[in-house]
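Structure, as C-alpha cells:
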Amino acid sequence: MSSISKRQFLKSLVGTATLSTWAGLDETLAKVAHLPAATLVQKESFWSDIRAAYPVTKEFIQLENGYYSLAAQPVMDSYLKHIQQVNSVSSYYMRTRQFADKRESQTQLAKLLGCSTDELIITRNTTESLDTVIGGLKWKAGDEAIMAQQDYGAMQDMFKLQARRHGIVNKTLSLPNHPKSDAEIVSLYEKAITPKTRLLMVCHMVNITGQILPIRQITEMAHKHGVEVLVDGAHAFAQLNFSIGDLGGCDYYASSLHKWLGTPLGAGILYVRKDKIADLWPLFADSSVPDDDIRKLNHTGTHPVATDLAIQDAIKFHTGIGIERKEARLRYLQHYWTDQVRHHSKIILNTPEAPARSCAIANVGIAGKTPTELAKILFDKYKIFTVAIDSPPVQGYALHPMSTRP
C-alpha cells in the first residue's frame, strides 16, 4: 500500500459528510457568545436548540442520564464515520495511526482536567480506572483502606478482593445526606484514619444522591496523615467546572466519558500524579514501557478505536457549550423541581439543599413507597424512567436530568 501523509489520512478519516451536522450548533452558540452562564441559564430557546442536537427517545421520559448519557447527534455522526473510515483501511490504520490519534485524544482530555498528558490514560470506564489503582498498590497485610457506604459497589468489591488476597482491612463509614459543613465531612474521614491507613477512597460526587464532597479539604487532611487519596469522579468530570489543581493534590482520579462528556460507550480516564506512577503495579504487562511512564498502565490489546477518536468530537461539543453554562443549567434544572418539593411532608429528599453541594443529580423518596415500587409506578403510569436506590444509607430514586426540562 502506498504511503499516506498524516494530513491526507486525517482528511479521509473525518470526511465531509459530518461537517453539516455541526453547522446548526455553531450558529446557535454564536448567537449567545456574549452572554454569561448566569444570564443564559433560563434562556429556554437556547436550551431547546441544544436539546434538538440529541436523538432523545419519544417512547418515555429519560431521567436516568447518569449511568450513560446519550451522545449528541453530531458526535454520533462523527463516531459512525470513524468506524467506517477505520474499517476501510483496517490494519493499516491500527499499525500506523492508532496510537498517535489516541495520544491526541489523551492530550485534549488532559487539558480539560488540567493535568499533564503524561499523567493521564484513556481507559474503558471509571471501574477499570479505579480498579487499576486499587489492584495496583503494593498492599501489605494489615494495611487499611477507608471508604463510604455510598461508594460504588464495584469498588467496594475490589477492596474486598484485596482483603482476601493481601489481608488488608477495609473500614467503611456512612456519609450524612445533609451535612452541616465541609468540616463535618472532613472530620468523619479523619476519625477513621489510623497509623495503618494506606488509602482513602472518596467520591467527588456521590452517584446515588448527587452530593458533592469537599475533595480539596479531604485530600489536604489525608496527606497530613501520610494517606493517599483516590477520587471517584465518575459523575463530576464534564459536569462540574474544576481542574485537578483544585483538588488539593489528590493522588489518583478516575472518571467515565460516556456519562457527562457524552462520548459513545467505552471510554474513561485515569489520572495518576506523576510521583505515584512508578510504584503502581500494572494489571497487564507491557515490558516496552518504563516503570515511571503512565503508559505501563494502559496495555489494552486490540479494542474499538473509533470510541477513542470520538472523544475529540465529544470534547468539541462540550467545550462549544462551555462548562460554566453546562454546570449552571444542570444545577438550575435540579433545583427547579427539588426546591418546590423539599419541604413537602411526604417527600424525602436525600440530596443537600445548598447549591454548592449538588448539581444535576438528586435523590427523592415518597413516604410509604419503596424505591422499586415508586420507580415502577413512574414508568408504568407516567412513562418516566428512573433508577431505584434501595441501600442502607439511601432509599429513594435518583434523577439525572439533561440540559432541558422533560
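Worth a mention:
- Residue 58 sits among other residues whose Cβ lies under 14 Å from its own Cβ, and their net charge, with Lys and Arg +1 and Asp and Glu -1, is +1.
- At least 18 Å along the helix axis (C-alpha) and Kyte average at least 0.0, DSSP helices within the chain: 19-31, 306-321
- For the chain: rounded, prolate or oblate by the Cα gyration tensor [a/c cutoff 1.5]: oblate
- Counting DSSP beta bridges with both ends in the stretch 100-314, the antiparallel % (nearest 5): 35 percent
- Spatial separation of Cα centroids for the stretch 346-376 and the stretch 50-90, in angstrom: 29 Å
- Fully extended contour minus Cα-Cα distance, from residue 95 to residue 26, at 0.36 nm per residue: 21.4 nm
- Packing-based exposure ordering (other Cβ within 10 Å, fewest first) of 29, 270: 29, 270
- Rg and Dmax [Cα atoms of the stretch 85-236; Å; Rg one decimal, Dmax integer]: 18.3, 58
- Around the amide H of residue 143, modelled in the peptide plane, lie the amide H atoms of 169, all under 5 Å away and 5 or more residues distant in sequence or on another chain.
- Long-range HN-HN contacts of residue 384 with modeled amide H, under 5 Å: 61, 379
- Gain in span if fully extended, residue 369 to residue 293, counting 0.36 nm per residue against the direct Cα distance: 22.2 nm
- Centroid-to-centroid separation of the stretch 225-285 and the stretch 294-317 [C-alpha atoms, Å]: 15 Å
Values quoted throughout were computed directly from the atomic coordinates according to the rules given, and no laboratory measurement underlies them. Keep in mind that what you see is a predicted model, and the values were worked out from it rather than measured. Please note: Cβ atoms are built from the backbone with ideal geometry, for glycine as well, and neighbour counts cover all protein chains shown.
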